[in-house]
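> Have a look at this one.
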Amino acid sequence: MSGSLRFSRVKQIAGPLLIVETNGMLGYEELVEVEMDNGERRLGRALEVTDTMAVMEIFEGTEGISINNSKVKFLGRPLEFAVSNELLGRIFDGLGRPMDGMPPILGKATKNINGDIINPYVRDYPDQFIQTGISVMDGMLSLVRGQKLPIFSGAGLPHDVLAAQIAKQSTLSTGEDFAVVFAAVGVANSVAMYYRKQLQISGQLKRSVLFLNLAEDPAIERIVTPRIALTAAEHLAFEEGYHVLVIMADMTNYAEALREISIAREEVPSRRGYPGYLYTDLATMYERCGKIKGKKGSLTQLPILSMPGDDITHPVPDLTGYITEGQIVLDKGLSGRGIYPPVNVLMSLSRLMKDGVGPGKTRDDHKSVSDQLYQSYSRASEIRSLVEIVGKGGVQEADLKYLDFAEHFEQEFMKQGPDENRDLERTLQLAWKTLYQLPESELNRISPELIKQHYGVA
Amino acid sequence: MTIKGRITDVKSSVVKATGMTGIKMNEVVKVGELGLIGEAIRIEGDNAYIQVYEFTTDIKPGEPVIGMGSPLSVELGPGMVGQIYDGMQRPLPTISKVAGSFIPRGVSVTRLDKKAKWKFMPTAKLGDVMGDDVLGYVDETQLVRHYIMVPPNVRGRLTDLTKEGEYTLKDEIATVEMDGVRTPLHLYQEWPVWTPRPFKEKMETKELLVVGQRVIDTFFPLAKGGTAAVPGGFGTGKCVLPETRILLNGELKEIGEVWRRGGAIRALQDGLYRRIDGTVSSFVGTGFSDENSPLIYKGESRFMVEINTAQGRRLVVTPNHGIYLYPTNGGITTRPAALIRPGDLLVEPLARRFSSPSASKLGHDKVTDVRVLNGTYDVYDLVVPGAQNFLGGEAPTIYHNTVLLHQIASWAKSSMVIYVGCGERGNEMTDILMTFPNLKDPYSDRPLMEKTVLIANISNMPVMARQASIYAGTTIAEYFRDMGYDTLLLADSTSRWAEALREISGRLEEMPAEEGYPSYLASRLAAFYERAGNVKTSGSQPRNGSLTIMGAVSPQGGDFTEPVTSNTLRFVKAFLLLDPDLAYSRHYPAVNWISSYSGYTQDLSEWLAANVNENFSRIRDEAYALLQKENALKDIVRLLGSEMLPNDEKLVLDMARVIRQGYLQQSAYDKVDRFSSPKVQYYILSAIVEFYSMARKKIEAGARIEDIRGLPVMGDLMYAKNKFTNDSVEGDYTQLMDRMKKQFEGVKSN
């Protein structure tokens, strides 16, 4: 509160935590700077404060800190981030400090990175279709402005290529482009550079903000990186009027950092050692998303989560699924067969699609084409697994058509280049071509009028 | 005297303060310079632990904690109707006015507008009064006359009552004297949310809460003052029984056992999945390859098909479980188990024993007999990554119990509706907040909001407020009940509320019980549903009022054994199962008529006889029997086709179809169909049952089923729901019956 500087000493060091004498002068979640004899400074935040001492998480880690080589400076404020429209085009580290050689932002305002809750009363319902130029997304898993749609992925899968493609190609029906906020949460430097390069190529870098906590950066820092990125994104969306797409990769690293702190604090662990409040903690980030009545901008989230061991039951993807509006699941099998984007459509879902597509929104046949592709591809997958047992010769003639359909679906409809941008007309045209692999009688999710209009026309 | 202590310890949302002597358990406190709202949840001597309702960033030791003297309360008075509150009764529109689009910490807004003027009409006489006595009223909206009552804990002599006129909530409108103590009364009062409001006595629940939806009112009725749960829909996959053995890591195990020992549970669109470690080498009816990391699915089925083979195999599977077989025209095909017939050749490994089925060759095995088993079965299935067949060939249906709650909220014949959105997704809540203001009350054609209070608490709002929101809603509902109104509380979802309970319990480091929920989960749920009821209010002239509670539960992936759902089912009397399959086949309202139940059918029969028709219960039972018979016949029909059935059973199927399409299905868009009064429901159903009884007599006398199917009056039965209105129904019915009798006279009975 007083903001005046005070100094103290380290009392105890335990894993990533420091215990510091405070004499009650430190507030909850307030910052300290640990100054070491060699001049090195590290930032820490109070996790618990009492009359006499505080438990601090040290973002850069506690390595090398000793009780007699360091002193602790109280900064008298919680973690804040300065926001302004000058954010665009900038690159920051995981704690929000410039790392592009440019001066710090002289913000219009500094904001607490925890953000405030959007008043549900002023939220606007997301129902505007975003064209990503990716057939499998636009056709079957439409993204809607203000939605949070995570990508569940695994090691070696091209989730970054997909997220970058979405960032590059997404356009709104109004013709506006997105501003992109990218939060690297414990990913390799090469991944961060990939995003940067892709945004540069597409000319979007000047409409982007990058926050980089890389794999070699301190793990504890990851707890704040997504929140700083969302603070920037909220400002751009709701104060500056941009439509903002936030990509956060990889949220599993975030949860692991949270677990590390929780275990160091000896909290009662829940599933797989993650703290019991993981659901609420994730919700406080994922819910920083949406549209607000009377405001021009919007905030759309595309979190990327790796599923350790490709396990969709892992607590992080599991809890994420309860908060987000659907999920895109990437598949090793498809990827192995050279299909990009390798989206397992049968496990993926966009919950807000129903409100963003169809008559008056996109095209009259959009919804039923999506349903039909879904149903037919699902049937085709069953027949495929049968063929794996008995071979093609063992399957009935009618069922073989489904094999052609699935092949066409994957090779013509789903498969596209990472730089190939298809508009919705093209996507639906390809969808109808794919459906043409099946006899008309098999298309029971589409009305006869629409079939007459589109079947075999393209 | 106010208690003023100081903070000694801050740890996330729990704050410890000293100097708190005299603080009461659950007393509300203001924490820190910001004045964050909190509540005392543990007291140790001079120290109190405070659970803070908001985020505690930059709160310091030494900052003040001030006791507010009472537990978390709601203000009850004019201004509530049509309002949208958060879990602590702060009006969200007011917050947006003072603070913009976000809710800042410590924002302080008045719960009820103290400046607005209300026209008060006094009705009481001076003299002795007691709690809940009516002093007068304010016509708050066109739909709600807001009675101003003496607060429950006040009694004495009413010495002063103001004249008719316009008053604010701050103005004194009456004075009650007791033993020389004067208590000034206002247009509003306060009541703590954790304490049920008192009443004189609880009465039987024997009056129908009309919701105008035929499947509910007729078959699964709700009673005024009753309780009901609505779980989200879930589907059944292609499954086997728990005893089915599978080869896991080279060892034979029963699938049910494998489930019990499986890993973390994952809920997907159609059911509950659990990861199992290792490889599975065989599973009945599908492939025979070694597969890594399969998932296991658990669901429930009402029917199983038992298939016995010449080689002594016995398969018991759900009717839609795909079975591989050799058809007569060559190749291999897959067919649902329900369509397998004796003589079919199943694809099976040649080896009779499970040695290494993956290496074994395929052979065939002839089906000797097929039977349908009735009952409720736990069923399991294995899902192998890559096979991607677990979605059962259908696009996933997005179906949420909110849809039915909307419908019930709009059509229920109640004077007040309180909707608590608890722990929902932000965008989902927005859908509700944007839909409700557009709904109309069908009885008055006025906006539904004129008799509605909404409480919105989404997943990222503090958990303590999430927990409180349900109680705040209940207290508001009880207040309107005490005015003598029938009120309806919709809580969506109680599962999220229970999760808040779990999280707070974890923060307090309490010993967890089942699945991490606190041991008091069941008692809290019971206490919540117990606040429903049909009561005689207190006061010198008791009124009848009721509070009906409907809670949505979201069992993860349809696992009804999880603690929240299983405990809820112990305490509610009616259960409306939403069925995604019905929704997918465009059968609305998608209430499953086989698995749903209502314990009120008996309780209400007297009321129905007196207020609708003395034959109501008989007609309902006869119609329901037809639906049950159809259900029993359904799988036989799948096996044999309906043409094999005798005529009387064909007639049952025809009539059940008429009931399904002409009665259970109800369109929200058709002006007449969207709401059926109980009287209309009775006459439509009565016509169907009469038709059946005439047709059965004809069939018994040897008439052809085709002649009965061809009667034009069949079409009239199907469309009665679009024609019969409450005003014309008697005449419509008489005409229909005349036509029916005439047409039946023309049926030859051979």
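> Restricting to the range A:337-358, and then to whatever is in contact with a Pro (Cβ under 8 Å, 6 or more places away or on another chain) and more than 9 Å from chain B (Cβ to nearest Cβ), can you tell me which residue is most open to solvent (accessible area, probe 1.4 Å)? Talk me through it step by step, then tell me what you get.
The initial filter retains those residues of the range A:337-358 that are in contact with a Pro (Cβ under 8 Å, 6 or more places away or on another chain), namely A:340-342, A:349, A:352, A:355-356.
Checking which are more than 9 Å from chain B (Cβ to nearest Cβ) leaves us with A:340-342, A:356.
Working: A:Tyr340: 30, A:Pro341: 0, A:Pro342: 2, A:Gly356: 1 Å².
Result: A:Tyr340.
For (1) touching a strand residue (DSSP E or B) at 6+ places or on another chain (Cβ under 6 Å); (2) assigned by TED's automatic domain parsing to the domain that holds B:Gln213; (3) among the β-branched types (Val, Ile, Thr); (4) at pLDDT 75 or above, each residue gets a yes or a no:
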{"residue": "B:Gly392", "(1), (2), (3), (4)": "no, no, no, no"}
{"residue": "B:Ser414", "(1), (2), (3), (4)": "yes, yes, no, yes"}
{"residue": "B:Tyr419", "(1), (2), (3), (4)": "yes, yes, no, yes"}
{"residue": "B:Thr430", "(1), (2), (3), (4)": "yes, yes, yes, yes"}
{"residue": "B:Leu439", "(1), (2), (3), (4)": "no, yes, no, yes"}
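> While we're here: Going through B:Thr601, B:Thr565, B:Thr537 one at a time, which residue ends up being of a type outside the set (Gly, Ala, Ser), under 30 Å from B:Gly136 (Cα atoms) and buried (at least 19 other Cβ atoms within 10 Å of the Cβ)?
Values: B:Thr601 fails: under 30 Å from B:Gly136 (Cα atoms); B:Thr565 fails: under 30 Å from B:Gly136 (Cα atoms).
Criteria check complete, one pass: B:Thr537.
> So which residues in the range A:136-177 are among the hydroxyl-bearing types (Ser, Thr, Tyr) and under 20 Å from A:Ile312 (Cβ atoms)?
Residues of the range A:136-177 among the hydroxyl-bearing types (Ser, Thr, Tyr): A:142, A:153, A:170-171, A:173-174.
Of everything in the range A:136-177, just one residue is among the hydroxyl-bearing types (Ser, Thr, Tyr) and under 20 Å from A:Ile312 (Cβ atoms), namely A:Ser153.
> For A:Arg422, all conditions in the list (1) open to solvent by less than 20 Å² (accessible area, probe 1.4 Å); (2) not in a loop (DSSP other than H, G, I, E, B) hold save one; what is the number of the exception?
A:Arg422 satisfies every listed condition except (2).
> Also, quick follow-up: Given (1) within 14 Å of chain B (Cβ to nearest Cβ); (2) open to solvent by 20 Å² or more (accessible area, probe 1.4 Å), where does A:Glu57 come up short, assuming only one miss?
Failing condition for A:Glu57: (2).
> Residues that are of a type in the set (Ser, Thr, Tyr): which helices (runs of 4 or more DSSP H) entirely in the range A:131-239 hold 3 or more of them?
Values: elements: A:135-140, A:159-169, A:189-201, A:225-238.
Here the list reads A:189-201.
> Name the one entry in B:Ala477, B:Ala465, B:Ala472 that is within 13 Å of chain A (Cβ to nearest Cβ), open to solvent by less than 20 Å² (accessible area, probe 1.4 Å) and under 22 Å from the mean Cα position of the chain (by Cα).
That would be B:Ala465, the only listed residue that is within 13 Å of chain A (Cβ to nearest Cβ), open to solvent by less than 20 Å² (accessible area, probe 1.4 Å) and under 22 Å from the mean Cα position of the chain (by Cα).
> Can you confirm whether the range B:669-690 contains a residue that is more than 31 Å from the chain's Cα centre (by Cα), open to solvent by 10 Å² or more (accessible area, probe 1.4 Å) and closer than 23 Å to B:Leu711 by Cβ?
Yes: one or more hits.
> For the range A:354-398, give me each residue that is in contact (Cβ under 8 Å) with a residue 60 or more places away in the chain, under 27 Å from the mean Cα position of the chain (by Cα) and not in a helix (DSSP H, G or I).
Within the range A:354-398, the first condition is being in contact (Cβ under 8 Å) with a residue 60 or more places away in the chain, and the residues that meet it are A:355-357, A:361-366, A:368-376.
Narrowing further to those that are under 27 Å from the mean Cα position of the chain (by Cα): A:355-357, A:361-362, A:366, A:370-371, A:373-374.
The answer is A:Val357, A:Lys361, A:Thr362.
> Taking only pairs six or more apart or across chains, which ones have beta-carbon atoms under 7 Å, a first residue in the range B:17-34 that is touching a residue at least 60 places away in the same chain (Cβ under 8 Å), and a second residue that is part of a loop (DSSP other than H, G, I, E, B) and of a type in the set (Lys, Arg)?
B:Leu34/B:Arg105
> Let me ask something additional. Give the range A:264-278 a look and list any residue that's at negative phi, more than 7 Å from chain B (Cβ to nearest Cβ) and either free of Cβ contacts under 8 Å to residues at least 60 places away in the same chain or part of a strand (DSSP E or B) (or both), or say none.
To start, the set of residues in the range A:264-278 that are at negative phi comprises A:264-265, A:267-271, A:274-278.
Pick out the ones that are also more than 7 Å from chain B (Cβ to nearest Cβ) and you get A:264-265, A:267, A:269, A:274-275, A:278.
Passing the criteria: A:Glu267, A:Pro269, A:Tyr274, A:Pro275, A:Leu278.
> Can you tell me which residue is nearest to A:Met137 (Cα to Cα) among those in the range A:425-458 that are open to solvent by less than 20 Å² (accessible area, probe 1.4 Å) and part of a helix (DSSP H, G or I)? Write out each step before concluding.
Applying the first criterion (open to solvent by less than 20 Å² (accessible area, probe 1.4 Å)) to the range A:425-458 yields A:427-428, A:430-432, A:434-435, A:438, A:443, A:446, A:451.
Narrowing further to those that are part of a helix (DSSP H, G or I): A:427-428, A:430-432, A:434-435, A:451.
Numbers: A:Thr427: 10, A:Leu428: 11, A:Leu430: 13, A:Ala431: 12, A:Trp432: 16, A:Thr434: 16, A:Leu435: 17, A:Ile451: 22 Å.
Filtering the range A:425-458 for residues that are open to solvent by less than 20 Å² (accessible area, probe 1.4 Å) and part of a helix (DSSP H, G or I), the one nearest to A:Met137 (Cα to Cα) comes out as A:Thr427.
> I would also like to ask the following. Cβ-Cβ under 6 Å, sequence separation 6+ or interchain: first residue in the range A:15-29 and not assigned by TED's automatic domain parsing to the domain that holds A:Ile263, partner among the hydrophobic types (A, V, I, L, M, F, W, C) and not in a strand (DSSP E or B). Which pairs?
Going by the 6 Å Cβ cut-off, the qualifying pairs are A:Gly15/A:Ala264; A:Pro16/A:Ile220; A:Pro16/A:Ala264; A:Leu17/A:Ala264; A:Gly27/B:Ile59; A:Tyr28/B:Ile59.
> How about the range B:41-50: which of its residues are within 14 Å of another protein chain (Cβ to nearest Cβ) and buried (at least 24 other Cβ atoms within 10 Å of the Cβ)? Working first, answer last.
We begin by selecting, within the range B:41-50, every residue within 14 Å of another protein chain (Cβ to nearest Cβ); these are B:46-47, B:49-50.
Residue satisfying the conditions is B:Ile50 alone.
> Confirm whether A:Ile134 is away from every other protein chain (no Cβ under 14 Å), within 30 Å of A:Asn344 (Cβ to Cβ), crowded, with 24+ Cβ neighbours inside 10 Å and in contact with a His (Cβ under 9 Å, 6 or more places away or on another chain).
no
> Report the residue count in the range A:301-315 for those that are within 11 Å of chain B (Cβ to nearest Cβ) and crowded, with 24+ Cβ neighbours inside 10 Å.
Residues of the range A:301-315 within 11 Å of chain B (Cβ to nearest Cβ): A:307, A:309-315.
In the following step, the residues that additionally are crowded, with 24+ Cβ neighbours inside 10 Å were identified as A:314.
Here the count works out to 1.
> Residue pairs, Cβ under 7 Å, 6 or more apart or interchain, first in the range B:82-98 and on the phi > 0 side of the Ramachandran plot, second open to solvent by less than 20 Å² (accessible area, probe 1.4 Å). List them.
Within 7 Å, the pairs are B:Gly82/B:Thr452; B:Gln89/B:Val74; B:Gln89/B:Glu75; B:Gln89/B:Ala472.
> So, one more: Is it the case, given these coordinates, that A:Leu334 is facing chain B (nearest Cβ under 9 Å) and either open to solvent by less than 10 Å² (accessible area, probe 1.4 Å) or in contact with a His (Cβ under 8 Å, 6 or more places away or on another chain) (or both)?
Details: facing chain B (nearest Cβ under 9 Å): no; either open to solvent by less than 10 Å² (accessible area, probe 1.4 Å) or in contact with a His (Cβ under 8 Å, 6 or more places away or on another chain) (or both): yes.
It is false that A:Leu334 is facing chain B (nearest Cβ under 9 Å) and either open to solvent by less than 10 Å² (accessible area, probe 1.4 Å) or in contact with a His (Cβ under 8 Å, 6 or more places away or on another chain) (or both).
> What residue, among those in the range B:480-497 that are more than 14 Å from B:Ile549 (Cα to Cα) and within 12 Å of chain A (Cβ to nearest Cβ), is most open to solvent (accessible area, probe 1.4 Å)?
B:Arg496
> Filter the range B:10-40 for residues that are open to solvent by 30 Å² or more (accessible area, probe 1.4 Å) and either closer than 15 Å to A:Tyr28 by Cα or hydrophobic (A, V, I, L, M, F, W, C) (or both) and give the result.
B:Lys11, B:Lys16, B:Met25, B:Glu33, B:Leu34, B:Ile37
> Related question: Looking for something within 14 Å of chain B (Cβ to nearest Cβ) and more than 24 Å from B:Glu428 (Cβ to Cβ) - is there at least one such residue anywhere in the range A:116-129?
Residues of the range A:116-129 that are within 14 Å of chain B (Cβ to nearest Cβ), as a first pass: A:116-128.
Subsequent filtering for residues that are more than 24 Å from B:Glu428 (Cβ to Cβ) retains none.
No, the range A:116-129 contains no residue that is within 14 Å of chain B (Cβ to nearest Cβ) and more than 24 Å from B:Glu428 (Cβ to Cβ).
> Of the numbered conditions (1) in contact (Cβ under 8 Å) with a residue 24 or more places away in the chain; (2) open to solvent by 30 Å² or more (accessible area, probe 1.4 Å); (3) assigned to a loop (DSSP other than H, G, I, E, B), B:Leu711 satisfies every one except a single condition; which is it?
If we test B:Leu711 against (1) in contact (Cβ under 8 Å) with a residue 24 or more places away in the chain; (2) open to solvent by 30 Å² or more (accessible area, probe 1.4 Å); (3) assigned to a loop (DSSP other than H, G, I, E, B), just (2) comes out false.
> Okay, moving on. Let me confirm something: among B:Pro104, B:Pro122, B:Pro152, B:Pro71, which residue is touching a residue at least 60 places away in the same chain (Cβ under 8 Å), over 30 Å from the mean Cα position of the chain (by Cα) and open to solvent by 20 Å² or more (accessible area, probe 1.4 Å)? Explain how you work it out, then say what you get.
On the way: B:Pro104 fails: touching a residue at least 60 places away in the same chain (Cβ under 8 Å); B:Pro122 fails: touching a residue at least 60 places away in the same chain (Cβ under 8 Å); B:Pro71 fails: over 30 Å from the mean Cα position of the chain (by Cα).
Just a single option satisfies the conditions, and that option is B:Pro152.
> Residues that are surrounded by 15 or more Cβ atoms within 10 Å (Cβ to Cβ): list the strands (runs of 3 or more DSSP E) wholly contained in the range A:1-52 that include at least 3 such residues.
Values: elements: A:6-8, A:10-14, A:17-21, A:30-36, A:41-50.
Because the criterion is at least 3 residues that are surrounded by 15 or more Cβ atoms within 10 Å (Cβ to Cβ), the strands (runs of 3 or more DSSP E) in the range A:1-52 that meet it are A:10-14, A:17-21, A:30-36, A:41-50.
> Follow-up. State whether one or more residues within the range A:189-208 are within 15 Å of the chain's Cα centre (by Cα), among the aliphatic types (A, V, I, L, M) and buried (at least 23 other Cβ atoms within 10 Å of the Cβ).
No, the conditions are met nowhere in the range A:189-208.
The values are calculated or read from the model by the stated rules, or taken from the named source; none is laboratory data. Since we're looking at a predicted model, the values are computed, not measured. Cβ sites come from the backbone with ideal geometry, for glycine too, and all protein chains shown count toward neighbours. These area figures cover heavy atoms from the full protein model, side chains too; ligands, DNA and RNA do not enter into them. Shrake-Rupley method; radii C 1.70, N 1.55, O 1.52, S 1.80 Å.
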